[in-house]
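J.: Just dropping this structure here.
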Ligand code: IPD
Ligand code: CA
Ligand code: CA
């Protein structure tokens, strides 16, 4: 597994180098499900590169990825989960605060995850049998503090509408941050900078964070506290297991 893990980190860094080399290219921007759901040629090229490299090295493995309808179930065999650029809108508008994200499962069991904040140059990696690091720095497990000493992050719409009481929860904390990238938000939870990240996202957005987070005392669950399905878009939160009950006490189903 170590060879595969090292391979995963290397191809994520290679993908990021490709993005940086092409950072000032003219972008071909298309919309998908809504005017703010964007995809560029870079998302597609980076995904194509990652898929090619993985299948050249591991031809029997499978892919679940955001673009081009690659939708293999994580429960079936050796499966790589790819988000080529998480935070495409940040990429388009800011050329910063976006990440390349890769996760690897064997018959539904997460083996490792890799999240690379490309411009911040922070590689979060580990989970399964591997310790969790940000670059060369080993990350400690979740360290408990009272709610009022934490920041939280969420999707802007969920906070604005107070969906599920999330704005009420936020009032008990130091405040809310909205980063525009699930992976960047998760990386801040992993490094202890945020208590939780709450959003409405897809398996490729949360797969790597779920594997890495498990090793540090976190879990990703739906807002009803159920396991995520790794198939559909769901309302989810990444929370420290120690704080799950307290956070859930603020969450209610919108009438
Ligand atoms: C999006 C980002 C964003 C989240 C969206 C995701 P993408 O991913 O993570 O923060 O709010 O729901 O789709 O499209 O940039 O890969
Ligand atoms: Ca994404
Ligand atoms: Ca993406």
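The values are calculated or read from the model by the stated rules, or taken from the named source; none is laboratory data. Just so we're clear, the structure is a prediction, and the values are computed from it rather than from any experiment. Positions of Cβ are generated from backbone atoms using ideal geometry, with glycine treated the same way; all protein chains shown enter the neighbour counts.
J.: Residues in segment 136-147 that are touching a residue at least 40 places away in the same chain (Cβ under 8 Å) and under 20 Å from residue 6 (Cβ atoms): how many?
T.: Residues meeting the conditions: 1.
J.: Of everything in segment 91-135, what is without any contact (Cβ under 8 Å) to a residue 60 or more places away in the chain and in a strand (DSSP E or B)? Give them in sequence order.
T.: Result: 106, 109, 133, 134.
J.: Within segment 178-196, can you find the residues that are more than 16 Å from ligand 3 (Cβ to nearest atom) and farther than 16 Å from residue 139 by Cα?
T.: 178, 196, listed by residue number.
J.: Could I ask something else about it? What do you reckon, is residue 35 more than 23 Å from residue 229 (Cβ to Cβ), at pLDDT below 95 and either loosely packed, with under 12 Cβ neighbours inside 10 Å or within 13 Å of ligand 3 (Cβ to nearest atom) (or both)?
T.: It is true that residue 35 is more than 23 Å from residue 229 (Cβ to Cβ), at pLDDT below 95 and either loosely packed, with under 12 Cβ neighbours inside 10 Å or within 13 Å of ligand 3 (Cβ to nearest atom) (or both).
J.: Considering only segment 58-79, state which residues are at negative phi and away from ligand 3 (no atom under 15 Å from the Cβ). Full working, then the answer.
T.: Pass one, segment 58-79, residues at negative phi: 58-67, 70-76, 78-79.
Passing the criteria: 58, 59, 60, 61, 62, 72, 73, 74, 75, 76, 78, 79.
J.: Does segment 70-89 contain any residue that is farther than 24 Å from residue 228 by Cα, at pLDDT 95 or above and within 13 Å of ligand 1 (Cβ to nearest atom)?
T.: Yes.
J.: Right, next: Considering only segment 46-70, state which residues are touching a residue at least 40 places away in the same chain (Cβ under 8 Å) and surrounded by fewer than 19 Cβ atoms within 10 Å (Cβ to Cβ).
T.: 53, 57, 58
J.: Of all residues in segment 154-177, which are more than 18 Å from residue 233 (Cβ to Cβ) and either modelled with pLDDT of 95 or more or surrounded by fewer than 18 Cβ atoms within 10 Å (Cβ to Cβ) (or both)?
T.: 160, 162, 165, 167, 168, 171, 172, 173, 174, 175, 176, 177, listed by residue number.
J.: Tell me which residues, restricted to segment 198-239, are more than 16 Å from ligand 3 (Cβ to nearest atom) and surrounded by fewer than 16 Cβ atoms within 10 Å (Cβ to Cβ).
T.: Within segment 198-239, 222, 224, 225, 226, 227, 229, 231, 232 meet the criteria.
J.: Every residue in segment 225-255 that is assigned to a strand (DSSP E or B) and without any contact (Cβ under 8 Å) to a residue 12 or more places away in the chain, please.
T.: Scanning segment 225-255 gives a single hit, 227.
J.: Looking at this structure, is residue 19 over 17 Å from the mean Cα position of the chain (by Cα) and closer than 14 Å to residue 101 by Cβ?
T.: Criteria met by residue 19.
J.: What tally of residues in segment 1-31 results from selecting those that are touching a strand residue (DSSP E or B) at 6+ places or on another chain (Cβ under 6 Å), under 23 Å from residue 62 (Cβ atoms) and without any contact (Cβ under 8 Å) to a residue 60 or more places away in the chain?
T.: Residues meeting the conditions: 0.
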